[in-house]
Amino acid sequence: MIDKENNKFHGTTVVAIIKDGKAVIGSDGQVTFGTTVLKHTAKKIRKLYNGTILAGFAGGTADAFALLQRFEEKLESTRGNLYRSVIDFAKDWRTDRYLRRLEAMMIVMNKEKMFVLTGNGDVVEPDDNISAIGSGGPYALAAARALCEHSTLDARSIVEASLKIASSICIYTNNEFNIEEL
């Protein structure tokens, strides 16, 4: 769900990291409608393009599924070229009448690159190979950055610990995690 006044997504946490040759993305499983929890074990991350690309979404579920399908089509048409797919997809998302009404954010990544995509046409490649979206995103991002700098944990452990921290702070984030790794 989007709070249009504050332009924030409520309802999930997705965090991603590339570290030591590993790409890991994780999310919580909570789906809410207003202040009611509808589901505890939703899967908000996917492996795409023959298991070489990871994607996670925050926002309206139906919107996110539509966006994932379109992004997967871009991956197919570019033969898995993540950078070209991201640029082409962002242009479509911003200019297509149907797509630009969809309310979601996405993180897409392979072992080398990570991008955050929004319906405004934003394509952001984080400087530190760490990213997070959703209502619990700022908490997970801060935790992941601290853990990368001050621990020897591997990427998967950092994603899991960051989600645990976010779930203890954000009421729209639960502790039923899905984690995928390349």
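Treat each spin label as a single point 7 Å out from the Cα along the C-beta direction, and report the Glu73 to Ser151 distance in nm.
Result for the modelled spin labels: 4.1 nm.
So how much slack lies between Glu112 and Asn175, counting 0.36 nm per residue of separation and subtracting their Cα-Cα distance, in nm?
Taking 0.36 nm per residue and subtracting the Cα distance, the gain is 19.9 nm.
Which whole number of Å³ per residue matches the convex hull of the alpha-carbon atoms in the chain?
Measuring per residue, one finds 102 Å³ for the Cα hull of the chain.
Mind scanning Lys19/Lys39; Lys47/Lys113; Lys22/Lys47 and naming the pairs with a C-alpha gap bigger than 20 Å?
Too far apart for the 20 Å limit: Lys19/Lys39.
Just going by the charge dipole of the chain, with Lys and Arg at +1 and Asp and Glu at -1 on Cβ, which of Leu153, Ala143, Ile87 is farthest out on the positive end?
About the Cα centre, the residue reaching furthest to the positive side is Ile87.
Sorted from fewest to most neighbouring beta carbons within 10 Å, what does the list Thr173, Thr95, Thr13 look like?
Ordered by Cβ neighbours within 10 Å, fewest first: Thr95, Thr173, Thr13.
Taking GluC sites (Glu not before Pro) as exposed when DSSP calls them loop (any state but H, G, I, E, B) and at most 14 other Cβ atoms lie within 10 Å, what is the longest stretch of the chain free of them, the sites themselves excluded?
So the longest stretch without any such site is 6-111.
Got the relative contact order for the range 34-81 handy, in percent, Cα pairs under 8 Å and 6 or more residues apart?
That works out to 26 percent.
Return a whole-number percent for the relative contact order of the chain, with Cα pairs under 8 Å and 6 or more residues apart as the contact set.
32 percent
Based on the Kirkwood radius over alpha-carbon pairs, what value in µm²/s does the Stokes-Einstein equation return for the translational diffusion coefficient of the range 54-133 at 25 °C and 0.890 mPa s?
198 µm²/s
Only the coordinates and a few stated rules stand behind these numbers; no lab work does. From a predicted model like this one, the values you see are computed outputs, not experimental measurements. Here Cβ is always computed from backbone atoms with ideal geometry, including for glycine, and neighbour counts include all displayed protein chains.
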